[in-house]
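Below: one structure, written as structure tokens.
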Amino acid sequence: MVAFRPRNAIILALLLAPGSLRAQGEAACARDVLVAGSMQRQAIEQLEGGGEDEASLCRVWRRHVETMRRIAGVYGRCLSGPERTDRLSQVQTSEKEFAGLVRSRCRGM
């Protein structure tokens, strides 16, 4: 008798229902893209709020850079075609811009 192991269940699922796994992946991506869009809006709002001083601005900028990197990962994984190109370009450009600000203005903070 073969012992049941989670790995066996994964292999069985891959063999028996590849379409359902693809559907689960598509559902996860749809959710992830919605969350990424929300994160992007929040990041922009935080930038608009700025900071009270240079140190708080640097914190906002660092958080923005990290958020843009996370969003880029989602867009790169879940989108395709022109939508992928456009959205990925937006967040990567923003990430690079603010990473440059952090490098030039936030040393030691």
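We did not get these values from a lab; they are worked out from the coordinates using the rules stated. Because the structure is a prediction, the values reported are computed rather than measured. Note that we place each Cβ from the backbone using ideal geometry, even for glycine, and neighbour counts take in every protein chain shown.
List pairs: first residue in the range 30-42 and surrounded by 13 or more Cβ atoms within 10 Å (Cβ to Cβ), second residue assigned to a helix (DSSP H, G or I) and among the aliphatic types (A, V, I, L, M) anywhere in the structure, Cβ distance under 6 angstrom, at least six positions apart or on different chains.
Asp32/Val74; Ala36/Ile71; Ala36/Val74; Met39/Ile71; Gln40/Ile71
Can you run down the residue pairs with Cβ atoms below 8 Å, 6 or more apart or on separate chains, where the first is in the range 87-109 and under 21 Å from Tyr75 (Cβ atoms) and the partner is outside any helix (DSSP H, G or I)?
Arg87/Leu79; Leu88/Leu79
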